Amino acid sequence: MGLARPGARRFDIKTLRLSAVVARWNSDITEGLLSGALRACISQGLDKEQLSIFYVPGSFELPLGVQQAARTGRFDGVIALGSVIRGDTPHFDYVCAETTRGIGHVVLEESVPIAFGLLTTDTHDQAVIRSIENDSNKGEEATLAVLEMINTLRLIWNRE
Ligand code: DLZ
């Protein structure tokens, strides 16, 4: 997946600033998602210094982390990265629901593109498949989505 309409890109990718907010819970998985995010940045022509990385304890803390990153006004887009595994998480449904609801709320409140890179899987093995270097790394997908949304919002607002 690339930017949907790369020919219509209206901005200099070298001036973009992105932020990744990464949950440390299941860090073997979330570090894989972060590597995917970095690969997506590089593949689209960004330098790795254009991605600022912040850590939060677990996925439940992602909404506040992405809200604060968005509110600084320093970033054109924010990527939320977390992993919740049903087998390891007694309150799996609550953690997933609250994290999803919180991030969705922040997206609309802050009007900053925020990508939803939260893996919710039944098993650790399923999370590994979606976080290693392959075609289905969800950190990579989330980062491409945030770049596409930055582009789309600039087209909607007709900004150069
Ligand atoms: C407590 C908890 C549990 C049981 N499982 C996960 C998980 O699978 N993935 C994740 O990102 N975080 C988990 N957490 C931690 C919560 O997200 C949160 O950090 C703590 O409840 C502290 O607020």
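Read-outs throughout are calculated quantities, based only on the coordinates presented, and are distinct from any laboratory measurement. Note that the structure is a prediction, hence the values are computed from the model and not measured. In this analysis, Cβ positions are derived from the backbone assuming ideal geometry, glycine residues included, and neighbour counts consider all displayed protein chains.
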Return the calculated 222 nm mean residue ellipticity for the chain, to the nearest 500 deg cm²/dmol, obtained by summing -39500 (n - 2.57) across DSSP H runs with n ≥ 4 and dividing by the residue count.
-> -14500 deg cm²/dmol
Taking the chain as the reference, fit the longest principal axis to its C-alpha atoms, fit the long axis of helix 138-156 to the helix C-alpha atoms, and give the angle between the two in degrees, 0 to 90, nearest 10.
-> 30 degrees
Under the Karplus curve 6.51 cos²θ - 1.76 cosθ + 1.60, θ = phi - 60°, whole-Hz ³J(HN,Hα) for the range 92-101, x wherever Gly or Pro sits | 3, 5, 5, 4, 4, 5, 5, 5, 5, 4
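Which shape class, rounded, prolate or oblate, goes with the chain when its Cα gyration tensor gives a ≥ b ≥ c as root eigenvalues, a/c under 1.5 marks rounded, and past that a/b bigger than b/c marks prolate?
The shape class here is prolate.
Please compute, over every Cα-Cα pair in the range 89-150, the percentage with a separation greater than 17 angstrom.
Tail of P(r) above 17 Å: 50 percent of Cα pairs.
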Counted charge near Val66, where neighbours are those whose Cβ lies closer than 14 Å (Asp, Glu -1; Lys, Arg +1) | -2
For the range 109-117, Karplus-derived ³J(HN,Hα) couplings (6.51, -1.76, 1.60; θ = phi - 60°; whole Hz; x for glycine and proline) come out as 5, 9, 6, 10, x, 10, 8, 9, x
Rounded to the nearest 10 degrees, what's the angle between the helix 27-43 long axis and the longest principal axis of the chain, both from Cα atoms, 0 to 90?
-> 20 degrees
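R0 = 22 Å: FRET efficiency of Arg154 with Arg74, Cβ-based, nearest 0.05?
0.80
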Once you have the Cα-Cα distance between His124 and Arg17, take 0.36 nm times their residue separation minus that, and quote the gain in nm to one decimal.
-> 35.3 nm
Taking only Cα atoms and a 10 Å spring cutoff, compute GNM fluctuations for the chain and point out the largest among Thr30, Thr123, Thr99.
-> Thr123
Output the antiparallel fraction of DSSP beta bridges having both residues in the chain, as a percent to the nearest 5.
-> 0 percent
